[in-house]
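The next block holds one structure in the form of structure tokens; read it before the comments.
Bear in mind these aren't lab numbers, they're just calculated from the coordinates by the rules spelled out. Values in this document were obtained by computation on a predicted structure and should not be read as measured data. Neighbour counts run over all protein chains shown; Cβ positions are idealised from the backbone, glycine included.
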Amino acid sequence: MASPLVVILSGANLNLLGQREPEIYGSMTLDDHVALAKSAAKDAGITIEHVQSNEAGALVEAIHAARGRAKGIIINPGAFTHYAWSLHDALSAFDGVVIEAHLSQPQAREAWRHTSVIAPVADGTISGFGPQTYPLAISAMASLLKR
């Protein structure tokens, strides 16, 4: 039996992790975070694909491409979290598990970060755990895929 595919989507400016605001996001790069996710996924028997884009439309296309192929999506939309209704709509048409993930804790930051247009179409949100965020999301995904 093939291991289930989970697509990790990384949104705007996450390609700058390790350089941008290390006091908030830490010193790890996006590649470092994806490597942690892949390690956790291997242990959980999950196959990972990763897509990063600074354009919401490219992430919408990646969500569409995951339909019928992937069992789950872990999405860190970055700033798209707060206004990208196109991501909300695309995720609502995805028939697998959706987990929203954030390295920082949006609720502890500026008021405009407190609203997520992704949360209503996600099975759950994991935020504020820095380098443990993606391994926790993989663990949650593995659990949800067993149901």
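Residue by residue, the stretch 121-132 carries 3J(HN,Hα) couplings of 10, 9, 6, x, 10, 10, 8, x, 9, x, x, 8 Hz when phi is fed to the Karplus relation 6.51 cos²θ - 1.76 cosθ + 1.60 (θ = phi - 60°); x denotes Gly or Pro. The distance linking the stretch 68-86 with the stretch 23-65 is 11 Å (Cα centroid to Cα centroid, whole angstrom).
Net charge in the neighbourhood of Ile138 (other residues with Cβ under 12 Å of its Cβ; Lys, Arg +1, Asp, Glu -1) is +1. Note on log10 I(q)/I(0) by the Debye sum over Cα atoms at q = 0.12, 0.16, 0.21 Å⁻¹: of the candidates (i) -0.42, -0.78, -1.42; (ii) -0.86, -1.05, -1.10; (iii) -0.49, -0.85, -1.33, the value calculated from this structure sits at (i). A simple count of charges around Phe94, restricted to other residues whose Cβ falls under 12 Å of its Cβ and scoring Lys, Arg +1 and Asp, Glu -1, yields 0. For the stretch 1-89, the relative contact order is 47 percent, taking Cα pairs closer than 8 Å that sit 6 or more residues apart in sequence and dividing their mean separation by the residue count.
Distances between placed amide hydrogens fall under 5 Å for Ala101 paired with Ile75, Asn76, Ile126, all partners being 5 or more residues away or on another chain. Of all aspartates and glutamates in the structure, the ones whose alpha carbon falls short of 19 Å from that of Lys146, not counting any fewer than 8 places away in one chain, are Asp43, Asp95, Glu100, Asp123.
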